[in-house]
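Since every read-out is calculated from the coordinates, none of them should be taken as a lab result. This structure is a prediction, so every number in the text was calculated from the model and none was measured. Cβ atoms come from the backbone with ideal geometry, glycine included; neighbour counts cover every protein chain shown.
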Amino acid sequence: MMNGQGEIPVEIVHLYTYDIGRAIDLKKVASLVPAHHEIEFAKRRDTPVSLTLPKPMVLSISTDECDSKCFEKISAQAKIYEDAAVTLIVRYRTMSRFEDLSQKANMPIRDISNSISIEQFAESSFRMIHEALRSAVSGYKELSENDREAYTAFCLLECPGGDPQAFIEDHKDIAASLLSGEPVGTLHLNQIEQVLCKPFSYRKDDIAIFDLERCLIIDPAADYDDVIMMAEHANYRLIELRELDFLLDKWLGEAEQDIRRLYLSGTRRKSGERALRLKLAQIQGLRFDALFTLENLDNSSKIIGDYFLGSIYHRLCEIFNTDEWKFSIERRLGALQNIYELLKTDTTEQRMMTLELVFIAVCIIFPILQILQVMLVK
């Protein structure tokens with residue numbers, strides 16, 4: 001209930017999604033850390049039974065040593081996916097005025113890892129998990145700040161006035177500023193309307209609004225775990241597409257440099273050609289790997305339809321522009337295929353030319369030499 005300072009109960013949920021390699025052996029994960037298979041969520045509202053989602057291993061992260069007077073309850077867990085994605089989820093409840101909610105996103109905290117904020121606690125927890133999973137990861141890689149997607153859900157557990165749509169309308173500047181990460185009072189009315197233009201409600205007393213890095217949920221029943229799951233899977237899809245696009249861009253860059261070195265340098269050494277063919281054969285294998293990864297990504301999350309959760313998922317994919325990422329990947333896959341085909345054609349032409357020269361030598365030059373030899377003998 002609202003207290004004397006005008007504060008209401010809220011829950012803040014942080015999602016941190018990482019891509020740590022090409023694949024993870026989930027069976028081996030179970031032997032490395034105390035993880036278990038995720039319990040399938042109940043398909044309520046109008047969610048079809050046919051909905052399928054990736055099935056990760058779940059690792060609970062201890063928060064017993066976390067000490068803060070700012071929140072009532074904190075929990076953390078990591079979800080480990082077969083495609084080498086790891087989502088760290090940190091959630092806590094506190095009291096806040098609506099206008100102060102953005103300040104509660106990175107609250108001070110103390111724990112055994114010397115973290116001083118929620119952000120540092122999440123980062124130190126992920127580093128420990130990342131290292132623990134090393135032997136189970138194919139294509140293990142060290143990560144930087146840019147190798148993750150972060151998303152924050154601000155969940156109001158009480159709606160002043162009882163009507164969430166009316167509450168948002170009365171506080172639309174604060175709501176839009178919270179979602180966009182801008183100071184209150186700086187956004188133009190057009191931008192405010194754009195941020196708040198597509199709200200989702202299932203019951204009369206709930207509402208959910210989504211933006212690029214944050215969402216706002218008002219639900220006194222605290223019945224929003226499936227909504228947050230859609231945000232998690234949309235971020236999972238985004239980082240997998242983004243990492244795949246980066247890898248394809250890198251492979252294309254390497255192929256371009258090698259081809260320029262071989263074909264435009266004016267020298268065509270056999271050793272260089274052989275090395276190039278070996279490298280492009282390797283890239284062709286990686287191309288197939290990328291194709292399978294893209295296909296698995298589409299098949300693992302078959303969230304298709306206009307039902308409530310499906311609409312939220314598609315809205316998030318629209319915000320994240322995942323279709324453009326997919327188009328970029330397909331275009332790069334096509335470019336890799338063209339490189340492979342051009343190289344194969346060039347190799348075939350060179351072999352045909354060599355065969356023609358051998359044919360000329362055998363069928364024309366060799367008989368002439370025999371005739372000359374006979375004439376010289378006479």
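I want the local charge near ALA23. Using Cβ-Cβ distances under 9 Å, sum +1 for each Lys or Arg and -1 for each Asp or Glu among the other residues. So the surrounding residues net to -2.
The residues packed around MET1, meaning those with a beta-carbon under 13 Å from its beta-carbon, carry a net charge of -2 if Lys and Arg are +1 and Asp and Glu are -1. Which of the trypsin sites (Lys or Arg not before Pro) found in region 67-106 are loop residues per DSSP with 11 or fewer other Cβ atoms within 10 Å of their Cβ? Sparse-neighbourhood loop trypsin sites (Lys or Arg not before Pro): LYS69. For region 8-227, the Cβ-based charge dipole about the Cα centre amounts to some 600 debye (Lys, Arg positive; Asp, Glu negative; other atoms uncharged). Radius of gyration (Cα atoms) of region 8-227, expressed as a multiple of 2.2 N^0.38 Å: 1.09. Applying the criteria of a DSSP loop state and at most 11 other Cβ atoms within 10 Å to the trypsin sites (Lys or Arg not before Pro) of region 1-50 yields ARG44. If a/c stays under 1.5 just call it rounded; otherwise compare a/b with b/c (prolate if a/b is bigger, oblate if not). Do that for region 158-244, with a ≥ b ≥ c from the square roots of the Cα gyration tensor eigenvalues. It is oblate, given that a/c is not under 1.5 and a/b is not larger than b/c. Were the residues from THR345 through PHE246 laid out at 0.36 nm apart, the gain over their Cα-Cα distance would be 32.9 nm. Taking a Cβ cut-off of under 12 Å around ALA176, the surrounding Lys, Arg, Asp and Glu residues balance to a net charge of -3, with basic ones at +1 and acidic ones at -1. What pairs in LYS141/LYS326; LYS73/LYS104; LYS27/LYS55; LYS172/LYS198; LYS28/LYS79; LYS27/LYS326 have C-alpha atoms more than 19 Å from each other? Flagged as over cut-off: LYS141/LYS326; LYS27/LYS326. Shown here for region 75-160: GluC sites (Glu not before Pro) in loop regions (DSSP other than H, G, I, E, B) with at most 11 other Cβ atoms within 10 Å, namely GLU142, GLU145.
Close amide-amide hydrogen proximity is noted between ARG97 and ILE8, each under 5 Å apart and 5 or more residues distant or on a separate chain (H modeled in the peptide plane; Pro and chain starts excluded).
Once the Cα-Cα distance is subtracted from the 0.36 nm per residue extended length, the MET352 to GLN120 segment shows a gain of 77.2 nm. Residues whose amide H comes within less than 5 Å of that of ALA23, counting only those at least five positions distant or on another chain, are SER138 (H built at 1.01 Å from N in the peptide plane).
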